[in-house]
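What follows is a set of notes on a single structure, which appears directly below.
The values are calculated or read from the model by the stated rules, or taken from the named source; none is laboratory data. Keep in mind that what you see is a predicted model, and the values were worked out from it rather than measured. Counting neighbours? That spans all protein chains shown, and the Cβs are built from the backbone with ideal geometry, glycine included.
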Amino acid sequence: MPTFGPSSRTIRRWLKIMGNQDLIWRGLAPAVAAVVGYLPARALRIGADNETRLSLSETYPWLKAGLWRDPRDGFDYSHALSALRLPRCWLWAAKDDPVLGHPEDVRRLAAELPGPVRFTIHGREQGCLQDYSHIGLLVHPDAERDHFPQILNWINHDDEVVSSP
């Protein structure tokens with residue numbers, strides 16, 4: 001399962017996510033979602049995807065606490081995950097993603113996951129066509145010929161051995 005990164009613990013992240021959390025994510029966003037029925041994040045240019053009211057209510061505690069616990073029922077995902085053997089994973093970080101999927105955060109996530117994990121940074125220095133951004137990793141026109149073939153090859157070779165970071 002290719003996975004695309006979590007957030008960095010940098011001042012830029014704080015300004016973008018945490019610094020705006022009370023104003024936007026605890027105030028404005030839930031108010032707009034209550035009126036509209038969802039948060040039209042794309043139209044408001046504050047996110048790549050629109051958000052449901054439920055996802056808004058559950059995202060804030062994860063950002064604030066940094067725990068892998070469900071905010072409704074307290075389920076401890078970190079503890080449950082430690083008892084599992086996951087299928088092989090390939091986690092990707094974009095070279096030009098200083099906030100939402102910072103390479104060091106993705107590397108730390110890879111180290112937390114049980115099972116075979118592969119970690120890759122995608123940028124020119126690593127031989128890619130672009131220094132990809134968070135969204136660009138998935139939607140940049142070069143992705144189709146740059147790294148999407150790698151994904152297909154990886155998916156089609158179940159016997160591939162991957163190493164931990």
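Some observations on this one:
- Only listed residue being outside any helix (DSSP H, G or I), at pLDDT below 80 and surrounded by 13 or more Cβ atoms within 10 Å (Cβ to Cβ), chosen from Thr59, Thr3: Thr3
- Pairs where the first residue, in region 143-165, is modelled with pLDDT of 55 or more and the second is part of a helix (DSSP H, G or I), C-beta under 8 Å, 6+ apart: Ala143/Gly136; Ala143/Leu137; His147/Leu137
- Test: Gly19 is of a type outside the set (Lys, Arg), at pLDDT below 55 and in contact with a His (Cβ under 8 Å, 6 or more places away or on another chain): no
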